[in-house]
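**Student:** Take a look at this one; I'll ask things after.
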Amino acid sequence: MKRKVIYLLVIFIFFSISLVAKEYQVSYVNSARTDYLAVFDYFGKKYLDINELSRIFEGDVDISSDFQKATLNILQEELTFYFDNNWVKFGEKNYNLHDNVQVIGGVYFIPEYILKLFASNFFPNKLNIENDKIYINITEINNYTIRRIVIDPGHGGRDPGAVGRSLYLAEKHLVLDIAKKAKWKLESRLGVEVFLTREGDEFTSLGDRTEFANQKQADLFVSLHCNAAWNSKSNGTEVFYLSTAQSDEARAVQALENQVIKFEDEESKSRYSDLDFILYDMRQAEHLKESADLAKMCQKRLVRKLQTKNRGVKQANFYVLRGAFMPAILVEVAFVSNKYEEKKLDSSDFRNRAAEAIYESVKSFKEKYDKSM
Ligand SMILES: [Zn+2]
């Protein structure tokens, strides 16, 4: 009986915070982006989810392992909240929130009063609130280095890429779907611009892909592929970045991806002259460290999300990476030539997780390099 009452109470508390009392419409000055910030009703009092605050202001949240303290980093400032306490620490001072901070289901809920403090005390030049509208001055808050990303779904049109042996899935379709999913996540959650080298099932030459990225003045270039090997047992995930030093295995993948040149016409073939390669190499070398770093981040997250074998980060000399004047990586999500992985690749959920891993690695990369530049 007692247990039943506790269950009911838990359900009651859960639902009491789930009620959205209202929403603020969020606009960003000098940007077309709009967003919403929900206000939750908790026993008649108004609260904001700390994660939502972090998202709106493009910051991050750190909660202590004992849930006693939460730190919110936004607009280059740090705010500290304490469990069941009505004070927030900003700089060296503490400010009264008038109601206690609540922790429900491991999530910090902050009294809505925090927005008044934002507008009047903490960020008067960066934030303005009028009725149910919040205006954030984005030029003040982000001076991002990474704003534009080109995602390159490999192959397309008359070049199917690798084709599976049991379901006959074509690499070109699989990578296009992952690219579209990643684009959506990056644009909606990270506020960056994403361009795809192809939107449909069309043939695009290797040179055109990087030329497109250079024209768009992209800050990152991510080429997406599915692997294939003669050995049908080969499986796992690997991410490449450009380098002249390489292993034999990397050379095999490189040969496979570079095969696309045979589908290209004479005109685009002539672009791959030796001299061009040397020039490209010099430009790309400037970004080698960043490319290697992005490759590592991406490899780690892909393997974690996809539960695939970790084949590690590798270096290779892909034509498609050579023309990119920006940090560039080539992702081999899984082996379409392996019947188990082909089956996985067939699942929309699997492809969605691959896109999520790409989104997360770009986010981490951006956080690291935006701050240091
Ligand atoms: Zn490929």
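**Student:** Summing Lys, Arg as +1 and Asp, Glu as -1, what charge do residues with Cβ under 13 Å from the Cβ of residue 104 carry, residue 104 excluded? Can you show the working numbers first?
**Tutor:** On the way: positive: 45; negative: 41, 49, 84.
Net charge around residue 104: -2.
**Student:** With all protein chains present, how much of the accessible area of the range 62-109 (probe radius 1.4 Å) comes from carbon and sulfur, to the nearest whole percent? Each step should come with its number before you reach the end.
**Tutor:** On the way: 1120 of 2620 Å².
Carbon plus sulfur share of accessible area: 43 percent.
**Student:** So what J values fall out for the range 99-105 if you push phi through Karplus, 6.51 cos²θ - 1.76 cosθ + 1.60 with θ = phi - 60°, rounded to Hz, Gly and Pro as x?
**Tutor:** In residue order, the calculated couplings are 10, 6, 5, 10, 10, 10, x Hz.
**Student:** Per residue, how large is the accessible surface of the range 18-139? Use a 1.4 angstrom probe and give square angstrom.
**Tutor:** Values: 6080 Å² over 122 residues.
Here the residues of the range 18-139 average 50 Å² of exposed surface.
**Student:** Could you tally the net charge around residue 133, taking each other residue with its Cβ under 12 Å from the Cβ of residue 133, Lys/Arg +1 and Asp/Glu -1?
**Tutor:** Working: positive: 22; negative: 23, 35, 130, 132.
So the surrounding residues net to -3.
**Student:** Same structure again: Can you tell me how much longer the chain between residue 163 and residue 107 gets when fully stretched, taken as 0.36 nm per residue apart minus their C-alpha distance, in nm with one decimal? Intermediate values should be presented prior to the final figure.
**Tutor:** Details: separation 56, 0.36 × 56 = 20.16 nm, distance 4.50 nm.
Answer, rounded to one decimal: 15.7 nm.
**Student:** Moving to a separate point now. Based on the mean of other Cβ atoms within 10 Å per residue, sort peptides 337-347, 194-204 so the most packed one is first. Kindly include the intermediate steps, with their values, before the conclusion.
**Tutor:** Working: 337-347: 19.1, 194-204: 17.3.
Highest mean packing first, the order is 337-347, 194-204.
**Student:** Work through the residues other than residue 90 whose Cβ is under 11 Å from its Cβ and net out their charges, Lys, Arg +1 and Asp, Glu -1. Working shown, then result.
**Tutor:** Details: positive: 89, 93; negative: 77, 78, 92.
Local charge sum for residue 90: -1.
**Student:** Past 30 Å, Cα to Cα, is the threshold; run 22/344; 339/368; 233/314; 233/289 against it and keep the listed order. Before the final figure, lay out the partial values.
**Tutor:** On the way: 22/344 41 Å; 339/368 38 Å; 233/314 20 Å; 233/289 33 Å.
As for pairs spanning more than 30 Å Cα to Cα, those are 22/344; 339/368; 233/289.
**Student:** Also, I was wondering about something else. Computing the accessible area with a 1.4 Å probe over protein heavy atoms, can you report the carbon and sulfur percentage for the range 285-352? Before the final figure, lay out the partial values.
**Tutor:** On the way: 1310 of 2720 Å².
The C+S portion of the solvent-accessible surface of the range 285-352 is 48 percent.
**Student:** At 7 Å along the Cα-to-beta-carbon direction for both residue 325 and residue 62, put a label point, then send me their distance in nm to one decimal.
**Tutor:** Distance between the two pseudo-spin positions: 3.8 nm.
**Student:** In terms of modelled amide H atoms, which long-range or inter-chain residues lie less than 5 Å from the amide H of residue 113?
**Tutor:** Amide H neighbours of residue 113, under 5 Å, 5+ apart: none.
The values are calculated or read from the model by the stated rules, or taken from the named source; none is laboratory data. Predicted, not measured: the structure shown is a model, and the values here were computed from it. Methodologically, a virtual Cβ is constructed for each residue, glycine included, from the backbone with ideal geometry; neighbour enumeration extends over all protein chains shown. All accessible areas refer to the heavy atoms of the entire protein, side chains included, with ligands and DNA or RNA removed. Shrake-Rupley method; radii C 1.70, N 1.55, O 1.52, S 1.80 Å.
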